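Before any comments, here is the structure.
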Amino acid sequence: MMVRLQNLSKSFGGRPAVRDVSVNISQGEIFGLLGHNGAGKSTTFGMMLGMLTPDHGETFIGGYSVQRERRQALGRTGAIFETPAFYDYLSGWDNLRFFVSLSGQNISRARLEEAVALVGLTERIHDRVKAYSHGMRQRLGLAQALVPSPEFLLLDEPNDGLDPLGILEMRTLIRRLRDERKMTVMLSSHLLSEVELLCDRVAILHEGRMVFEGVWRKSSTLWKFALDPVERGEALLREVGLLAQGECWLAPDNFDPSPLIERLVREGIAVREVTPVVQTLEDFYREAIHQ
Amino acid sequence: MSTFFRQLRGELQKLFFRNRTYIGFGAFLGAEIIILALLRLPRVQRGFAKLLTGAGYSPEEYLSGLTLGLTITLSTVLLLGALFLALVAGDIVSKEVEDGTLRMMLCRPVTRGRILVLKYVTCAIYTLALTFFIALTALATGYVYAGRGGLFLYAPLEEIFAVYAEGPGLVRYFLAIPFLSLSLLTISSIGFFFSCLRMKPAAATIVTLSILFVDMVLKNTPFFGAIREWFLTARMSTWVVAFESRIPWEILLENYAWLIALDVTLFTLAWAVFSTRDFKA
């Protein structure tokens, strides 16, 4: 297990921010942490990076406890936490060199240049950060996280401030890091469509509690039927085990509607429409936090 | 280069590449020029000459660059030094917390203790650089203005009246500067301590200055004359005794041991607070 969050809890001034959160992330997995503002994502990340001390629980990265073996645990971690902040009066290169020096490794110029090229900042790296756009700061943040060759990458809102092309590049880069370097990635994002495209598993935090953790797949377990006569048609749907959910009907996974349509026709019921309602991560997220 | 020195180079680069760092250097140069301009006033020159003649010394010999350099240093260092050292030291941690750059540092596999040591050493180097800058520029402007000659010092509060030929005077001058640096390091230590607490950079600077100014006012209040040596700024003024004809090493050692112990205590308290503190966005 690359990352293990074990019963993490944290309160601020008596108000619980994170309550008993446990997550396991395997090596090479891309894991998404979702939640509204104030749901506890940043507090969880803060505890994972040793910036906040948990009231209860512990975080392990690569088998090392962040709370007790900080250097070993964070030595395997690259992170962008919140909006990356830099020294505006220094160049991107000087900023990069400074943050990398804190990793304790003697990193060659070639490796720094490689990271700069990977995030597409080569031409502007010697400019002062003051002149950087938000997206460029985000890229510089990613470069400083990648230079020490971490095994685990923690990205808090990596798409924040990026244009559509930048978002696409970021997605491609994260996939490359996972596929080529077997890097484990944990990310949070308000762009649920990005999480949907990138993540193997997600966890949803709501008011500090984890309301879902697991594999999420785009599914079509909801179906819409237009039948005539309605009453007889709906009675038959109930009879075969479908559950009414608003205007839709909840069906089991891998539901095949063909036999049902044949039966409806046989019973003299006109079938005007049978449409799967695709549930997006956004729908799923909304449901999860309202449960 | 070892990891520590690479990291220290980065910290120094952060400090010395920042325009604000040089306000102190610029202010001292400005103050030196103003003092020299005031010294051109006949009334001031007469007062200086009267003091020397009254003690039986020739103003031509002792109204020199060396005397002016020391006079400038004495009159500017405590107030302006306090201001600019408190500004830099008060910023050193709290500004990074405010700007969010400390979060970036804390994401790294570096202990909080190491971060604090790097920052404190940076403060100490800045203190040393500023002190030597003041001492050397004061001496240089003094020499340009008044040329060569002996050293004359009258410090009534410390009860020192000293007169030296140029050579021994320069030796005493450069002997006193490291002690002055140590005195000023106390200001940096206080600023550093408050910078590590949960407060804004400006608040850390203001609290540091307030402590020093209150201490200075109390020290100069006649009622407290009997306990004058208890005050922080009195101990910080000990560097001047390096100009006494027989240097009272026991007083120097006692007071600087006291100041160093205070620096160590402040650093330890800062570390205790910083290492257990939560850093929220």
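The values are calculated or read from the model by the stated rules, or taken from the named source; none is laboratory data. Keep in mind it's a predicted model, so treat the numbers as computed, not measured. Virtual Cβ from ideal backbone geometry, glycine too; neighbours counted across all protein chains shown.
Considering each of A:G50, A:G62, A:G40, A:G28 in turn, give the residue that is surrounded by fewer than 19 Cβ atoms within 10 Å (Cβ to Cβ) and at positive phi.
A:G28
I'd like to check something: does segment A:45-59 contain any residue that is polar (S, T, N, Q), free of Cβ contacts under 8 Å to residues at least 24 places away in the same chain, more than 8 Å from chain B (Cβ to nearest Cβ) and over 24 Å from A:L140 (Cα atoms)?
no
Is it true that A:D20 is assigned by TED's automatic domain parsing to the domain that holds A:L192, outside any helix (DSSP H, G or I), charged (D, E, K, R) and exposed (fewer than 15 other Cβ atoms within 10 Å of the Cβ)?
Working: assigned by TED's automatic domain parsing to the domain that holds A:L192: yes; outside any helix (DSSP H, G or I): yes; charged (D, E, K, R): yes; exposed (fewer than 15 other Cβ atoms within 10 Å of the Cβ): yes.
The answer is yes for A:D20.
Tally time: how many residues in segment B:75-129 are part of a loop (DSSP other than H, G, I, E, B) and either closer than 19 Å to A:P84 by Cα or under 22 Å from the mean Cα position of the chain (by Cα) (or both)? Spell out how you get there, then give the answer.
Here is the first cut: in segment B:75-129, the ones part of a loop (DSSP other than H, G, I, E, B) are B:92-93, B:100, B:107-111.
Imposing the further condition that a residue be either closer than 19 Å to A:P84 by Cα or under 22 Å from the mean Cα position of the chain (by Cα) (or both) reduces the set to B:92-93, B:100, B:107-110.
Result for segment B:75-129: 7.
Pick from segment A:100-139 the residues that are hydroxyl-bearing (S, T, Y) and under 21 Å from A:G166 (Cβ atoms): which of them is modelled with the lowest pLDDT? Working first, answer last.
The initial filter retains those residues of segment A:100-139 that are hydroxyl-bearing (S, T, Y), namely A:101, A:103, A:108, A:122, A:132-133.
Subsequent filtering for residues that are under 21 Å from A:G166 (Cβ atoms) retains A:122, A:132-133.
Working: A:T122: 93, A:Y132: 93, A:S133: 89.
Ranking the candidates gives A:S133 first.
Is it true that A:E231 is assigned to a helix (DSSP H, G or I), in the same structural domain as A:A17 (by TED's automatic domain parsing) and out of contact with any Phe, Trp or Tyr (no Cβ under 6 Å at 6 or more places or on another chain)?
no
Is it the case that segment B:195-205 has a residue that's closer than 27 Å to B:E244 by Cβ, surrounded by fewer than 19 Cβ atoms within 10 Å (Cβ to Cβ) and more than 21 Å from the chain's Cα centre (by Cα)? Even if it seems obvious, please write down each step before you answer.
Step one: of segment B:195-205, the residues closer than 27 Å to B:E244 by Cβ are none.
No - not one qualifying residue is present in segment B:195-205.
A:G62 is checked against (1) free of Cβ contacts under 8 Å to residues at least 60 places away in the same chain; (2) more than 8 Å from every other protein chain (Cβ to nearest Cβ); (3) farther than 19 Å from A:A203 by Cα and fails just one. What number does that condition carry?
A:G62 satisfies all of (1) free of Cβ contacts under 8 Å to residues at least 60 places away in the same chain; (2) more than 8 Å from every other protein chain (Cβ to nearest Cβ); (3) farther than 19 Å from A:A203 by Cα except (1).
Test of understanding: among B:A176, B:A162, B:A234, which residue is crowded, with 17+ Cβ neighbours inside 10 Å, in a helix (DSSP H, G or I) and touching a Lys or Arg at 6+ places or on another chain (Cβ under 8 Å)?
Details: B:A176 fails: touching a Lys or Arg at 6+ places or on another chain (Cβ under 8 Å); B:A162 fails: in a helix (DSSP H, G or I).
Checking each option against the conditions leaves just B:A234.
Please indicate, with yes or no, whether at least one residue in segment B:121-129 is within 14 Å of another protein chain (Cβ to nearest Cβ), under 23 Å from B:T265 (Cα atoms) and buried (at least 21 other Cβ atoms within 10 Å of the Cβ). Quick ask: steps written out before the conclusion?
First, pick out the residues of segment B:121-129 that are within 14 Å of another protein chain (Cβ to nearest Cβ): B:122.
Imposing the further condition that a residue be under 23 Å from B:T265 (Cα atoms) reduces the set to B:122.
Narrowing the set further to residues that are buried (at least 21 other Cβ atoms within 10 Å of the Cβ) leaves B:122.
For segment B:121-129, residues within 14 Å of another protein chain (Cβ to nearest Cβ), under 23 Å from B:T265 (Cα atoms) and buried (at least 21 other Cβ atoms within 10 Å of the Cβ): present.
Among B:A89, B:A31, B:A27, which is the only one that is in contact with a Cys (Cβ under 6 Å, 6 or more places away or on another chain) and either farther than 25 Å from B:I190 by Cβ or among the hydrophobic types (A, V, I, L, M, F, W, C) (or both)?
Details: B:A31 fails: in contact with a Cys (Cβ under 6 Å, 6 or more places away or on another chain); B:A27 fails: in contact with a Cys (Cβ under 6 Å, 6 or more places away or on another chain).
None of the other options fit; the residue is B:A89.
Select, from B:R20, B:R9, the only residue that is modelled with pLDDT of 85 or more, within 14 Å of chain A (Cβ to nearest Cβ) and surrounded by fewer than 16 Cβ atoms within 10 Å (Cβ to Cβ).
On the way: B:R20 fails: modelled with pLDDT of 85 or more.
After ruling out the rest, the residue left standing is B:R9.
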